[in-house]
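See structure below.
Laboratory data are not the source of any read-out in this text; all were calculated from the coordinates shown. All values reported here derive from a predicted model rather than from experimental measurement. No Cβ is skipped: glycine too gets one built from the backbone with ideal geometry, and neighbour counts run over all protein chains shown.
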Amino acid sequence: MPQLNPEFFVSQLFWLAVFFSFLFIFLWRVSLPRISTVLEKRQNKIDENLATAKELQEQAQKIELSINEKINKAKQETDNLIKISSEKLQENILNELNLLDKELDEKIIISEKEINNNKENQMKNINSEIANITKMTLEKIANIKISTEDLNNAIETTKGNLN
């Protein structure tokens with residue numbers, strides 16, 4: 001193998017030094033600056049994206065707070081509206097109940113008057129019927145004929161004594 005032959009060592013070391021020097025200069029002046037600029041651009045882009053993401057996150061949090069405030073405000077407004085509506089409804093119901101109570105009281109009073117009038121009329125009818133029955137009974141049982149006037153006077157006298 002010619003690589004292991006000692007007479008070629010000097011030339012191989014020369015070309016090794018030339019090649020590595022050229023490679024070192026090429027990497028130092030051309031490749032590494034390009035790679036470092038690409039890395040810097042990449043890092044700058046990442047930093048910009050992180051900053052943008054942080055700003056967007058802050059904006060999203062502000063929007064979320066705003067939405068939550070609006071939702072809470074809407075809930076309070078609906079609670080107030082429900083409360084006001086229920087109070088109005090209760091008030092209307094109470095008014096209607098009061099009107100119904102008044103109407104029922106009036107109807108009860110009218111009914112009581114009608115009942116009392118009917119009672120008085122029936123009592124008058126009963127008195128005249130009692131008088132007729134008594135007159136017919138006396139005529140049939142005792143063969144006594146009494147005039148209606150005498151019978152009414154006797155009933156009135158008996159009523160006066162009872163009261």
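Which parts of the range 71-87 would a label at Leu94 reach, counting a residue when its backbone N lies under 16 Å from a point 7 Å out along Cα-to-Cβ?
Correct set: 83-87.
Which ³J(HN,Hα) values in Hz, rounded to whole numbers, follow from the phi angles of the range 68-77 under the Karplus curve 6.51 cos²θ - 1.76 cosθ + 1.60, where θ = phi - 60° and Gly and Pro get x?
Computed from phi, the couplings for the range 68-77 are 4, 4, 5, 5, 5, 5, 5, 4, 4, 5 Hz.
Lys124: which lysines have alpha carbons under 19 Å from its alpha carbon, excluding same-chain residues fewer than 8 sequence positions away?
Within the straight-line cut-off, Lys124 pairs with Lys113, Lys135, Lys159.
Find how much the distance from Lys102 to Phe19 grows on full extension, using 0.36 nm per residue of separation minus their present alpha carbon separation; answer in nm with one decimal.
Numbers: separation 83, 0.36 × 83 = 29.88 nm, distance 11.87 nm.
Taking Lys102 through Phe19 to full extension adds about 18.0 nm, to one decimal.
Tell me which label goes with the value of Kirkwood radius over Cα pairs in Å computed from the coordinates here: (1) 30.0; (2) 17.6; (3) 16.0.
Here the calculated entry is (1).
Which value in deg cm²/dmol, rounded to the nearest 500, describes the helix-derived mean residue ellipticity at 222 nm for the chain, given -39,500 (n - 2.57) per DSSP H run of n ≥ 4 and division by the residue count?
Details: 3 runs with 139 residues, N = 163.
Helix contribution divided over all residues of the chain: -32000 deg cm²/dmol.
Can you give the extra length, in nm with one decimal, that the chain gains between Ala60 and Asn161 once fully stretched, where that is 0.36 nm per residue apart less the Cα-Cα distance?
Working: separation 101, 0.36 × 101 = 36.36 nm, distance 10.21 nm.
In short, 26.2 nm is gained.
Gap in Å between the Cα centre of the range 1-78 and the Cα centre of the range 89-163?
Value for the Cα centre distance between the two parts: 114 Å.
Quick one: length gained pulling Lys124 to Asp79 fully straight, 0.36 nm per residue minus the C-alpha distance?
Details: separation 45, 0.36 × 45 = 16.20 nm, distance 6.58 nm.
Here the segment from Lys124 to Asp79 would lengthen by 9.6 nm.
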